[in-house]
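Read the structure below first, then the notes.
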Amino acid sequence: RVPWASVRALSSKPNPAKISLDIARAITQMTIMQLDNDDMMYAKALEDLRNNKSASLIERWQAMVHVLLTVQLQNIVPFGYNGNEEGLREFNKHFEQVMRNDDKARE
């Protein structure tokens, strides 16, 4: 489940340095939902790639990565990250820190 209250609270005052485990999970879940929901254009794009037997595996892989990055960029912008390579790099850095801290808390 996506914690929409947390999403709305954080996205109303974007501050990329304040990513929490709940927000990281919400962004991940939103990405998965957009890629898995048959009514979303991203899921349709992935289905088209899956069915495109004329393209090589490398071409399909590159196109799939493009779809994934597009969705990820779209989902991090409301949380204060730039919708570009720099924003994605910053999000991934914060995400890694949150996950590392969560792993330490579980030990």
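The values are calculated or read from the model by the stated rules, or taken from the named source; none is laboratory data. What you see is a predicted model; the values in this text were computed from it and never measured. Note that we place each Cβ from the backbone using ideal geometry, even for glycine, and neighbour counts take in every protein chain shown. Side chains included, ligands, DNA and RNA excluded: accessible areas come from the protein's heavy atoms. Shrake-Rupley method; radii C 1.70, N 1.55, O 1.52, S 1.80 Å.
For region 50-93, dividing the convex hull volume of the Cα atoms by the residue count gives 72 Å³ per residue. L35 contributes an accessible area of around 40 Å² to the protein surface, as traced by a 1.4 Å probe with all chains present. A DSSP coil position with no more than 12 other Cβ atoms inside 10 Å describes the following trypsin sites (Lys or Arg not before Pro) in region 17-107: K53.
For the pair M41 and T28, the difference between a 0.36 nm per residue extended length and the Cα-Cα distance amounts to 2.9 nm.
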